[in-house]
Amino acid sequence: MKKLVIITGASSGIGAATAKHFSQAGYPLLLLARRLEKMEALGLPDAMCRKVDMLDRESVLAAVAEAEAAYSPAEILVNNAGIMMNGDPTTQDPSEWDKMIDVNMKGSMNAIHAVLKGMVDRESGTIVNVGSIAGRKTFGAHSVYCGTKFGLHAITETIREEVARKNVRLITMAPGMVSTELIEGSTDKDAREGWLNYAEEIGGALVPDDIAGSILWACEAPQRMCVRELVICPTHQEP
Ligand code: NDP
């Protein structure tokens, strides 16, 4: 059997699609998110599903330990859980900024914490951090979201350099617009409609499978080859 793949935010969108791609490729999975029923409904074989809030570091550690005992040490982490709450910075409730910083940055770090030391000790492993085109350039109404994704890109590249000689790869996956539930997290109606209208104007966003297939490809490249960053956007998306 292939080695364990951990996917965070596997209950919808890119994470759920990535779970299906890795499952079809024969990997045992640990799927993490808060909506357990949605992960279980995927009906994937050899997939341990655990209801975990990525902010709860102890729960993340416990789930990873349980899956490693059942399958194998973690070989791949797809660090995908994230939220986007777009809004006007002059009026946005700062608690929305807190939530984005917590989930997108601290939550991602909790998953890295759970697997990185083991990967370094074993001198094998791959971590894919799902950043964003909003981690490479700025977008109006996305200020703090951009901040979290710029930060995640910086964390990824810094750790990549630090563990490169230990045969551990860190990959930044930076998608452009993808049609998922993500935009529904924005309570600001104008910001939400602006995103949806632009997606419609350009003939539609990408679909989660577009990103999932690319994550699988990057992970299945020979271990000597590190795809450091993938920026994948709809062809018609200008910024
Ligand atoms: P979805 O909203 O469909 O998926 C987000 C996932 O994150 C869900 O499975 C959700 O699960 C999980 N999640 C959110 N908060 C937590 C938490 N506190 N603990 C555990 N899991 C959590 O959106 P996408 O698939 O689009 O997003 C996936 C990633 O892709 C995100 O990091 C996003 O920033 C990034 N991205 C998306 C783009 C897009 O256009 N869609 C573009 C660029 C990047 P649950 O609610 O069940 O906990």
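In a simple Cβ point-charge model (Lys, Arg +1; Asp, Glu -1; nothing else charged), segment 4-232 has a dipole of about 660 debye relative to its Cα centre.
Once backbone amide H atoms are built at 1.01 Å from N, Gly176 has Ile133, Ile232, Cys233 as its partners under 5 Å, excluding neighbours fewer than 5 places away on the same chain. A straight Cα-to-Cα reach below 16 Å connects Lys106 with the lysines Lys149, residues fewer than 8 places away in its own chain not being considered. Which angle between 0 and 90 degrees, to the nearest 10, do you get for helix 13-24 versus the longest principal axis of the chain when only C-alpha atoms count? The angle comes out near 30 degrees. Extension gain for Ile232-Glu66 works out to 56.4 nm (0.36 nm per residue, less the C-alpha to C-alpha distance). Label reach from Asn167 (point 7 Å along Cα→C-beta): in segment 211-239, amide nitrogens under 14 Å belong to 222-225. Helix 208-220 versus the longest principal axis of the chain: what angle, 0 to 90°, nearest 10, using Cα atoms? In the chain, helix 208-220 runs at an angle near 30 degrees to the longest axis. Available extension along the chain between Lys117 and Lys2 is 39.4 nm, counting 0.36 nm per residue and deducting the alpha carbon span. Using the 1.4 Å probe convention, the accessible area of the chain works out to 46 Å² per residue with neighbouring protein chains retained. The orientation-averaged projected area of the convex hull spanned by the Cα atoms of segment 28-82 comes to 3.7 nm². Note on Leu36 and Asp93: their simple-model spin labels are 2.8 nm apart, each label 7 Å out from Cα toward Cβ. The HN-Hα couplings worked out from phi for segment 157-172 by the Karplus form 6.51 cos²θ - 1.76 cosθ + 1.60 (θ = phi - 60°) are 5, 5, 5, 3, 5, 6, 10, 4, 6, 9, 6, 10, 9, 10, 10, 9 Hz, whole numbers, x standing for Gly and Pro. Across the chain, C-alpha contacts under 8 Å between residues 6 or more apart give a mean separation that, scaled by the residue count, equals a relative contact order of 21 percent.
Axis of helix 57-70 versus longest Cα principal axis of the chain: the two differ by about 40°, to the nearest ten degrees. Distances between placed amide hydrogens fall under 5 Å for Ile127 paired with Leu77, Arg169, Leu170, Ile171, all partners being 5 or more residues away or on another chain.
The values are calculated or read from the model by the stated rules, or taken from the named source; none is laboratory data. The structure presented is a predicted model; accordingly, all values stated were derived computationally and were not measured. Ideal geometry is used to build each Cβ from the backbone, glycine not excepted, and the neighbour counts take in all protein chains shown. Remember, those area values only see protein heavy atoms, side chains included, never the ligands or the DNA or RNA. Shrake-Rupley method; radii C 1.70, N 1.55, O 1.52, S 1.80 Å.
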